[in-house]
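The values are calculated or read from the model by the stated rules, or taken from the named source; none is laboratory data. This one's a predicted model, so the numbers in the text were calculated from it and none came from an experiment. Cβ: placed from backbone, ideal geometry, glycine included. Neighbour counts: every protein chain shown. Protein only, heavy atoms only, side chains kept; ligands, DNA and RNA dropped before computing areas. Shrake-Rupley method; radii C 1.70, N 1.55, O 1.52, S 1.80 Å.
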Amino acid sequence: MVETIQWIDGAVVMIDQTRLPLHEEYVTCRTYQEVAAAIRDMIIRGAPAIGVAAAMGVALGLLQAGESDLDAQVEAICQTLGQTRPTAVNLFWAIGRMKRLYASLRGSPIAEIRRCLVAEAQIIREEDIAICRAIGRHGAELVPDHKTVLTHCNAGALATAGYGTALGVIRAAIAAGKQVDVFADETRPFLQGARLTVWELQQDGIPTTLITDNMAGHFMKAGRIGCVVVGADRIAANGDVANKVGTYSVAVLAKENGVPFFVAAPVSTLDLTLRSGDEIPIEQRAAAEVTHMFGHQVAPTGTAVQNPAFDVTPARYVSAIITENGVARAPYEESLQNMVR
Ligand code: MRU
């Protein structure tokens, strides 16, 4: 399995997801500022993976910090990491967990604080892999046998510490003996589907067909898709799901064509403080991601551009939300509460 992010000898090593699939290169971050830049520049991306990166960033920050006014330094570290990407709540969940641990250790020798925070970041990474496997086990039962699964973006090993959420469900279904193949939306503009999902599934020998985003409806109408499985960046209390832009279109098409639409996500992606998806902050990214492809300009100079990185799928389009603690179905106000233990 691909190693998305690791703590090695006091540094954070991550596979450079801007270079895949043609170049398999690793980036080493030795400061929390470098981790923050790696998250912002999408060297590492995917909600659970950026949570793990942020936790390791906090740990690196503690290794960098001097002894005086440690509280203020920790606050600054967490602020820098928290300002990288706004939509995936896993980032804030991980920072919050590290902050609470720090608070519980206040007054201890700094060496002890450092040791505990470094250990905690590695625990968060290991837990994430176990959580993905549990999501896979719950989700595998929902995947129809001898069918094609459509996915959008990359919610795989690369988007987590390993195994993946949506792709974890597919992996687990195959491990359970089901015969499934995958259709991967290319996922404009950043091409996570074409570059990352196809690459990652190829490593595992899972049969995968790449389609452009605008082909999904065609294949659903033709009866080629057995179900859709996607990940999530933030899920509100009413079951509205923020995920990679384009997910909403896929969900509407799925409902129109009677195709089940499943969301696979850890409990750390739930934000039950938000009543609906209207309250989820949507990241706006640079215009150049739309006007240019791999450095080549594809639109006229001066083109007006919108580039929201995520959209919100209303809960009424979501057939089920698969978590590590089980499968939630509508009404989500109730069922999502039951997932939180
Ligand atoms: O902008 P990205 O690549 O970070 O967006 C990733 C997604 O939208 C994923 O589907 C989501 O984070 C779930 S990852 C398990």
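Treating each Cα of segment 187-341 as an identical point scatterer and summing with the Debye formula, the log10 of I(q)/I(0) at q = 0.18, 0.20 Å⁻¹ comes to -1.16, -1.30. When the helices of the chain are scored as -39500 (n - 2.57) per DSSP H run of n ≥ 4 and the total is divided over every residue, the value at 222 nm lands at -12000 deg cm²/dmol.
Compared with the rule-of-thumb size 2.2 N^0.38 Å for a compact globular protein, segment 234-279 has a Cα radius of gyration ratio of 1.20. Overall dimensions of the chain, expressed as equivalent-ellipsoid semi-axes from the Cα gyration tensor (√(5λ), whole Å, largest first), are 32, 22, 19.
Summed over all non-identical Cα pairs, the Kirkwood treatment of segment 154-203 gives a radius of 11.0 Å. The heavy atoms of CYS153 present about 10 square angstrom of accessible area, all protein chains included, probe 1.4 Å.
Using a probe of 1.4 angstrom and keeping all protein chains present, the accessible surface of the chain works out to 41 square angstrom per residue. Based on Cα contacts under 8 Å between residues 6+ apart, the chain shows a relative contact order of 16 percent.
Taking all C-alpha pairs of segment 106-146, those more than 16 Å from each other amount to 57 percent.
Packing here is the average count of other Cβ atoms within 10 Å per residue, and on that basis the peptides 103-112, 178-187, 39-48, highest first, run 39-48, 178-187, 103-112.
Between the amide H of THR160 and those of ALA49, distances stay under 5 Å, these residues lying 5 or more places away or on another chain, with hydrogens modeled in the peptide plane. Note on segment 224-300: Kirkwood hydrodynamic radius from all Cα pairs is 14.5 Å, rounded to one decimal. Here the mean projected area of the convex hull built on the C-alpha positions of segment 91-186 is 7.2 nm².
For segment 45-57, putting each phi into the Karplus relation 6.51 cos²θ - 1.76 cosθ + 1.60 with θ = phi - 60° gives couplings of 8, x, 3, x, 5, 6, x, 4, 4, 5, 4, 5, x Hz, in residue order, rounded to whole numbers and with x for Gly and Pro. The P(r) of segment 9-117 has a tail past 16 Å containing 55 percent of all C-alpha pairs.
Between THR87 and GLU283, the built amide H atoms are under 5 Å apart, and every one of these is 5 or more places off in sequence or on another chain. In the chain, the portion of solvent-accessible area held by carbon and sulfur atoms comes to 51 percent [1.4 Å probe, whole percent, DNA, RNA and ligands not counted].
Along segment 63-76 the Karplus relation, 6.51 cos²θ - 1.76 cosθ + 1.60 evaluated at θ = phi - 60°, assigns HN-Hα couplings of 5, 7, 5, x, 7, 7, 6, 4, 4, 5, 5, 4, 4, 5 Hz to successive residues, with x for each Gly and Pro. When all alpha-carbon pairs of segment 253-341 are counted, what percent fall beyond 15 Å? Of the Cα pairs, 69 percent sit more than 15 Å apart. Could you tell me which of rounded, prolate or oblate describes segment 165-263, using a ≥ b ≥ c as the square roots of the eigenvalues of the alpha-carbon gyration tensor, with rounded for a/c under 1.5 and, failing that, prolate when a/b is larger than b/c and oblate otherwise? Because its axes are fairly even, with a/c under 1.5, segment 165-263 counts as rounded.
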